[in-house]
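For reference, the structure is listed below as structure tokens.
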Amino acid sequence: MTEKTAMPEITVCLRQAHHLHSLSRTLRDLRPILDLQEATQVTLDLTELTFIGPACLAFLVAVVRNGRESGMMADGSMIVWPASVPARTYLHRMDAIRVLFEHEANDPPDPVVRHEASGLKECEHFSSEKGGRRVAAALSKAIQDEVDTDRATEAALDVCLTELAENVYFHAEAEAGGFAAAQRFKNTQEIEIAIVDLGRGIAASLAGNPEYAQEAKDDISAIKAAIRPLVTSTPERNSGYGLALTRFLLEMNDGRLIVWSGKGKVQFGEKHAEKRVDEMPGTVVALRLHTDRPFDISTAYRRLNEAIEEIEGAFDHDDVRPLRGNETS
Amino acid sequence: MTTSAPCEAMKLAKEHGEVLGGRVLGQEIRAKVVRLVQAGEVVTLDLDGVLAVSPSFADEVFGKLPAEVGDDAIVFSNVSAQIQEVADMARAGRPGNGSH
């Protein structure tokens, strides 16, 4: 008679509030799940969780989905929902349960009446370029509804978020896809948007282009390179404008763009900062923008062009043949 | 001698919305235009009502497409100043389209 081997078990707790600035704590708390080497019954204990912002939530959902899909979080793993009613309601409103249990046959646990997701955009999962496009459009639409921006602002956001979501599809090689969430913070008149993947990270992606072999050796250098226009791991296919355009849009808005990939974390905008941090599996891109300041894509494109001119040196618009047609400009 | 015939304009805002984003959408439109051009047509892409295009979309439609089929095979109409700027950027970044 063979003795049945007991399934390993661990308990992982998220306590108190998890804001964008405390994402490193979220990472540390969830690290045991990321480090699993064998199928394990995981109890994710959120009893003492009081708040979780979009970036931390998207990361949490990515970790759990990845753990479940890889089989490391074995059957019998469970989530203990927050004791705090607002926190539990918030997770429901953010649709975290649907995303976490998307492939489950059983109904999600702890059913409550779902309220309208006022002031926020639910957590979304996407695993294709078209899915990313859909999520980007939904995010920008939700933000427009919330802050009563004009259609041009919504279009600008849509363009930026589409580019960021595309990065997941074209560069990250993330098996579990990408995760996005957004929330408006009325007290600071800001919106936080996060796009997260647990893929190979920016440095590994950039290493695919020999031109950036040097930058790819270091996570901070890789992030700073990726933010420059024309830098891409796949020049034959991509143009490398996405992060650069987002950066210029946010700079004009006095907002922040935070990119955390591997052991590098760089904040662009309001206050530039870069530091070496605990290793993030994949990439987190978080945008924090002000709802009461301009978000002008025309100027952003102009600045992007100026940046390209600086990089190219000899770049001259006169060299570019005009489009054939009856342009109205 | 073959002559190219103009075909009905593809109204991009009507078909795909006011914001044209995503490389895959750009690829789809590029493939459709290539097929029409190969069938001997001159294709008009009408951008009336388009508010913004993403850089990746622009790369496919303004950058790669003219390089692939030739400038004479496509006509871009109702291009706003802002989209023109993105288009120029995309064209500048692709071989066979002028600069670098």
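Here are a few things to note about the model shown:
- In region A:1-55, residue surrounded by the most Cβ atoms within 10 Å (Cβ to Cβ) [restricted to those that are assigned to a helix (DSSP H, G or I) and hydrophobic (A, V, I, L, M, F, W, C)]: A:Ala55
- When B:Glu60 is tested against (1) crowded, with 18+ Cβ neighbours inside 10 Å; (2) touching a strand residue (DSSP E or B) at 6+ places or on another chain (Cβ under 7 Å); (3) among the acidic types (Asp, Glu), only condition (2) is not met.
- Residue count, region A:51-85 (criterion: over 23 Å from A:Glu9 (Cα atoms) and out of contact with any strand residue (DSSP E or B) (no Cβ under 8 Å at 6 or more places or on another chain)): 1
Yes/no matrix, rows are residues, columns are (1) within 14 Å of chain B (Cβ to nearest Cβ); (2) under 16 Å from A:Ser127 (Cβ atoms):
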residue: A:Thr162; (1), (2): yes, yes
residue: A:Phe170; (1), (2): yes, yes
residue: A:Ala174; (1), (2): no, yes
residue: A:Gly177; (1), (2): no, yes
residue: A:Thr188; (1), (2): no, no
residue: A:Ile191; (1), (2): no, no
residue: A:Asp197; (1), (2): no, yes
residue: A:Gly201; (1), (2): no, no
residue: A:Ser205; (1), (2): no, no
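- The criterion of at least 3 residues that are under 18 Å from A:Leu249 (Cα atoms) and of a type in the set (A, V, I, L, M) is met by the following helices (runs of 4 or more DSSP H) wholly inside region B:40-93: B:81-92.
- Evaluation of A:Phe315 against (1) assigned to a strand (DSSP E or B); (2) at pLDDT below 80 (one fails), failing number: (1)
- A:Gly131 meets the stated requirement of being modelled with pLDDT of 80 or more and either away from every other protein chain (no Cβ under 14 Å) or surrounded by fewer than 24 Cβ atoms within 10 Å (Cβ to Cβ) (or both).
- Subset of region B:19-34 (residues that are within 11 Å of chain A (Cβ to nearest Cβ) and part of a helix (DSSP H, G or I)): B:Arg23, B:Val24, B:Leu25, B:Gly26, B:Gln27, B:Glu28
- Selection within region B:51-87 - within 9 Å of chain A (Cβ to nearest Cβ) and either without any contact (Cβ under 8 Å) to a residue 24 or more places away in the chain or among the β-branched types (Val, Ile, Thr) (or both): B:Val53, B:Asp71, B:Ile74, B:Val75, B:Val79, B:Ala81, B:Ile83, B:Gln84, B:Glu85, B:Val86
- Residue match in region A:137-157 (condition: in contact with a strand residue (DSSP E or B) (Cβ under 6 Å, 6 or more places away or on another chain), within 18 Å of A:Thr291 (Cβ to Cβ) and not hydrophobic (A, V, I, L, M, F, W, C)): yes
- Test result for B:Val37, modelled with pLDDT of 90 or more, out of contact with any Asp or Glu (no Cβ under 8 Å at 6 or more places or on another chain) and part of a helix (DSSP H, G or I): yes
- Selected residue (criterion: surrounded by the most Cβ atoms within 10 Å (Cβ to Cβ)) from residues of region B:9-18 that are modelled with pLDDT of 90 or more and among the hydrophobic types (A, V, I, L, M, F, W, C): B:Leu12
The values are calculated or read from the model by the stated rules, or taken from the named source; none is laboratory data. Please read all numbers here as calculations on a predicted model, not as lab measurements. Note: ideal-geometry Cβ built from the backbone for every residue, glycine included; neighbour counts use all protein chains shown.
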